[in-house]
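A.B. asks: One structure follows; several queries about it will come next.
The values are calculated or read from the model by the stated rules, or taken from the named source; none is laboratory data. These numbers were taken from a predicted model, which means no experiment stands behind them. What goes into the accessible areas is simple: the full protein's heavy atoms, side chains included, and nothing from ligands, DNA or RNA. Shrake-Rupley method; radii C 1.70, N 1.55, O 1.52, S 1.80 Å.
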Amino acid sequence: MSQDHAENRTVVVETVDADATRALGARLAALLRAGDLVMLSGALGAGKTTLAQGIGSAMDVRGRVSSPTFIIARVHPALGQGPDLVHVDAYRLSSLEEVDALDLDTSLDESVTLVEWGEDKVEALSDNRLEIRVDRPHGALAGSSGRAPEAGPADLEEVDDGRRSVTVTAIGPRWAGTDLTVLA
Ligand SMILES: Nc1ncnc2c1ncn2[C@@H]1O[C@H](COP(=O)(O)OP(=O)(O)OP(=O)(O)O)[C@@H](O)[C@H]1O
Ligand SMILES: [Mg+2]
């Protein structure tokens, strides 16, 4: 069967709170298999880790996905037959070499790899990936990006109306037959 799924390469899902974003993560998890790379981008506090938590809880892996402040990569081993989950915070990494030094290349084959702050650093690791962008459409900090000192957690909470726009883009032949509209 040959079918053009180009129209399903990108899907945008609006969520109204953190739980809705976790639920989206669970729907994403159902599409993921060993070897998949998922890049999570978006400003500080956008909800990248929250989405990763949803993916992690829906996968049968040990431990809860958290914000690894001083940890670059954490492996959540599979409890059953499914793949391991590798959660990477690439914020302190500046190059592909440093990401490579984490041995991500090896685990890519056997794991689902989620990378936060990996833009322009990990793309070369795989021709196939999901690029997920979490945006805050409203709020004073909606346009901010990066970990600016003034954008602390307290500030975020004050202006956070809980709404997020999550854009999922599938790249590479691995995703050619996948209907992303199941995520909406
Ligand atoms: N719709 C939503 N989706 C996700 N998170 C939400 C939503 N509404 C509110 N939040 C809150 O926003 C915060 C998102 O924090 P999270 O750690 O997931 O962000 P992050 O993008 O990983 O940040 P960092 O850049 O520091 O890694 C949480 O406190 C979460 O409860
Ligand atoms: Mg995070």
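A.B. asks: Provide 112, 12 ordered by accessible surface of protein heavy atoms (probe 1.4 Å), highest first.
C.D. replies: Values: 112 0, 12 80 Å².
So, going from the largest accessible area down, we get 12, 112.
A.B. asks: Suppose the chain between residue 109 and residue 72 were pulled fully straight at 0.36 nm per residue; how much longer would it get relative to their current alpha carbon spacing? If you can, show how the numbers build up before the last one.
C.D. replies: On the way: separation 37, 0.36 × 37 = 13.32 nm, distance 1.91 nm.
Roughly 11.4 nm would be gained on extension.
A.B. asks: How much accessible area does residue 131 have with a 1.4 Å probe, in Å² rounded to the nearest 10?
C.D. replies: 60
A.B. asks: On a full-extension model of 0.36 nm per residue, what is the gain between residue 12 and residue 64, subtracting their alpha-carbon distance, rounded to one decimal in nm?
C.D. replies: Length gained between residue 12 and residue 64: 16.1 nm.
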